Amino acid sequence: MILEIPEVLTADELAQVRRRVESAEWADGRITAGHQGARVKDNQQIPAGHPAAQEAGPTILRALGRNPLFIAAALPHRILPPMFNRYAGGQQFGTHVDGSIRQLPDGTRLRTDLSCTLFLAGPEEYDGGELVIEDTYGAKSVKLPAGSMILYPSTSLHHVTPVTRGARLCSFFWLQSLVRDNHHRAMLFDMDIAIQRLGAEQPGHPSVVQLTGVYHNLIRTWAEL
Ligand code: NI
């Protein structure tokens with residue numbers, strides 16, 4: 001499931017995050033790429049642990065924590081601290097798959113189930129820079145308004161097309177979901193949406209509580225903590 005989460009950041013938060021990361025020193029993005037990724041990656045990143053990332057990252061995590069669509073779709077267990085990248089002057093990132101395991105700052109490891117790209121520059125600010133995700137149903141090209149985020153399975157092959165004008169600024173990070181299997185998680189999300197709709201249209205209908213019970217029992221069956 002590839003899902004757009006609109007307006008993750010408020011206008012104030014977006015301005016605050018941009019101000020902080022735009023003034024940071026940027027480094028070659030290959031520092032965090034694996035062997036295959038480094039061959040096709042050409043962008044800039046803020047090094048992990050840089051004060052700019054440490055200050056802007058929590059603003060993003062707080063915004064996600066209050067976003068019901070994100071929580072319902074991702075069922076997040078552990079989230080990697082947000083990182084930041086920039087593409088300009090023809091930079092691109094060729095087809096790759098994200099590494100399966102990432103290390104958290106405390107030394108523990110996380111399985112990357114979902115990849116997140118939060119757009120910090122608006123589509124009018126640059127040409128190119130589409131994130132193209134290869135799905136079972138074909139390729140999906142993504143370029144979102146500033147402050148909106150795309151959530152997609154980390155198992156997908158994807159690439160970023162060359163930025164031929166302006167600069168594409170994004171935050172990117174990974175998360176381990178409580179529910180590992182993409183199909184299980186997608187079914188839970190559909191069920192959650194259906195229960196909410198039923199509850200809104202037929203408040204007090206006994207099926208709402210029964211279906212909510214099934215939803216939680218499925219999570220109980222599939223969740224890994
Ligand atoms: Ni990637």
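Some observations on this one:
- Listed by position, the helices (runs of 4 or more DSSP H) inside segment 28-115 whose residues that are touching a helix residue (DSSP H, G or I) at 6+ places or on another chain (Cβ under 6 Å) and in contact (Cβ under 8 Å) with a residue 12 or more places away in the chain number at least 2 are 51-65, 68-74.
- Subset of segment 116-130 [not small (Gly, Ala, Ser) and not in a loop (DSSP other than H, G, I, E, B)]: 116, 117, 118, 119, 123, 124, 125, 126, 127
- Residue match in segment 187-194 (condition: farther than 24 Å from residue 75 by Cα and more than 16 Å from the ligand (Cβ to nearest atom)): no
- Candidates 184, 158 - the one that is crowded, with 17+ Cβ neighbours inside 10 Å, within 14 Å of the ligand (Cβ to nearest atom) and either not hydroxyl-bearing (Ser, Thr, Tyr) or not assigned by TED's automatic domain parsing to the domain that holds residue 9 (or both): 158
- Within segment 67-95, being open to solvent by 50 Å² or more (accessible area, probe 1.4 Å) and small (Gly, Ala, Ser) holds for one residue alone: 89.
- Residues located in segment 159-177, provided they are farther than 20 Å from residue 60 by Cβ and either in contact (Cβ under 8 Å) with a residue 40 or more places away in the chain or among the acidic types (Asp, Glu) (or both): 159, 161, 162, 163, 164, 166
- Of all residues assigned to segment 11-20, none qualifies as being open to solvent by less than 30 Å² (accessible area, probe 1.4 Å) and assigned to a loop (DSSP other than H, G, I, E, B).
- Condition met for residue 106 (over 16 Å from the mean Cα position of the chain (by Cα) and acidic (Asp, Glu)): yes
- Residue match in segment 135-144 (condition: away from the ligand (no atom under 14 Å from the Cβ), open to solvent by less than 40 Å² (accessible area, probe 1.4 Å) and within 13 Å of the chain's Cα centre (by Cα)): yes
- Segment 96-105, subset open to solvent by 50 Å² or more (accessible area, probe 1.4 Å) and away from the ligand (no atom under 16 Å from the Cβ), residue modelled with the lowest pLDDT: 105
The values are calculated or read from the model by the stated rules, or taken from the named source; none is laboratory data. From a predicted model like this one, the values you see are computed outputs, not experimental measurements. When we count neighbours, we look across all protein chains shown, and the Cβ atoms used for this are built from the backbone with ideal geometry, even at glycine. For the accessible areas, the whole protein counts, side chains as well, though only heavy atoms, and no ligand, DNA or RNA atoms are used. Shrake-Rupley method; radii C 1.70, N 1.55, O 1.52, S 1.80 Å.
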